[in-house]
1. Suppose the filter is within 21 Å of the chain's Cα centre (by Cα) and in contact (Cβ under 8 Å) with a residue 12 or more places away in the chain; does residue 241 pass it?
2. Looking at the range 201-238, which of its residues are among the β-branched types (Val, Ile, Thr), part of a helix (DSSP H, G or I) and either more than 20 Å from the chain's Cα centre (by Cα) or exposed (fewer than 11 other Cβ atoms within 10 Å of the Cβ) (or both)?
3. Scan the range 116-158 residue by residue and report those that are of a type in the set (S, T, N, Q), touching a residue at least 12 places away in the same chain (Cβ under 8 Å) and either in a loop (DSSP other than H, G, I, E, B) or under 22 Å from residue 179 (Cβ atoms) (or both).
4. Looking at the range 196-204, is at least one residue touching a Lys or Arg at 6+ places or on another chain (Cβ under 7 Å), over 25 Å from residue 91 (Cβ atoms) and at pLDDT 95 or above?
5. Can you tell me which of (1) out of contact with any Pro (no Cβ under 6 Å at 6 or more places or on another chain); (2) at pLDDT 95 or above; (3) among the basic types (Lys, Arg) is the one residue 74 doesn't meet?
6. Looking at this structure, is residue 182 within 21 Å of residue 149 (Cα to Cα) and either surrounded by 15 or more Cβ atoms within 10 Å (Cβ to Cβ) or of a type in the set (S, T, N, Q) (or both)?
7. Run down 91, 82 and say which single residue is in contact (Cβ under 8 Å) with a residue 12 or more places away in the chain and buried (at least 16 other Cβ atoms within 10 Å of the Cβ).
8. Identify, from the list 51, 96, the residue that is within 21 Å of residue 11 (Cα to Cα), part of a loop (DSSP other than H, G, I, E, B) and of a type in the set (A, V, I, L, M).
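The values are calculated or read from the model by the stated rules, or taken from the named source; none is laboratory data. Not measured: the values here are computed from a predicted model. For neighbour counting, all protein chains shown are included, and Cβ atoms are generated from backbone atoms with ideal geometry for every residue, glycine included.
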Amino acid sequence: MTDPSIEITDELRDGVLWITFQRPQARNALTFGMYERLAQLCREMPTDGSVRAVVISGAGGKAFAAGTDMTQFRAFETPQDALDYENQIDAVLEAVERCPVPTIAAINGACTGGGGSIAAACDIRIASASLKFGFPIARTLGNCLAAGNLARLSELIGAGRVREIIFTARLIEADEALSVGLVSEILPDEDTLIARAAELAAKVGAMAPLTLRATKEALRRNRAAAKVDDDDLIISCYMSDDFRIGMEAFLGKTKPEWTGK
């Protein structure tokens, strides 16, 4: 197993922690170890002023993160495997949300699946003109997003748009992302994106930390109060024939033939 500290790196520069997904050969597809390392970094974030903001980005120039590495799904055999996976993702996203300092997603290129979920859990999202954001699972894999994940996305761009992009498996590009409030700024290229992320991190990092922390937590609690039981929905997708069909088709670069079973 590859050391996740190599596949996701962190570097403190001028009070800003730069967290970078480092699997450019796989468009920064996320392994379980990478998810856990991200959660660990967020949970262990110091509150002594040594870190004032976090910037999350992806290496390689083509992707922020292109979802979960699908090869890991081949090990799923039982309903509990599916529930454990979605519970893990939920815990990671909650760790990002609970991070006690401001988090900025600097998104260049593809930001799909788990990558999109992580970006949505950050406080601020800025992107380059090459942004492609979405969850094309109805076309590629046949799984589903957990209810909490859907609620977070709906809070950002509205339930109607979330439904439409999942049903059509299309990706939101830069101009639309800005117009619907998914991102707050579009920069022309990756270099200007990273420079702006540094500038923005310095600005928000200079604000009253307790104000920011209380705002983050209150917003999180507002949404958490509406948490629902979605175990049956998760099991129905991940334990289906279609999930296996979709996974093998994606990995084999063929088109899935859905059965609805």
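1. no
2. Correct list: 204, 211, 215, 235.
3. 117, 128, 130, 143
4. The answer is no, given that none of the residues of the range 196-204 is touching a Lys or Arg at 6+ places or on another chain (Cβ under 7 Å), over 25 Å from residue 91 (Cβ atoms) and at pLDDT 95 or above.
5. (2)
6. yes
7. 82
8. 51 is the lone residue from the list that is within 21 Å of residue 11 (Cα to Cα), part of a loop (DSSP other than H, G, I, E, B) and of a type in the set (A, V, I, L, M).
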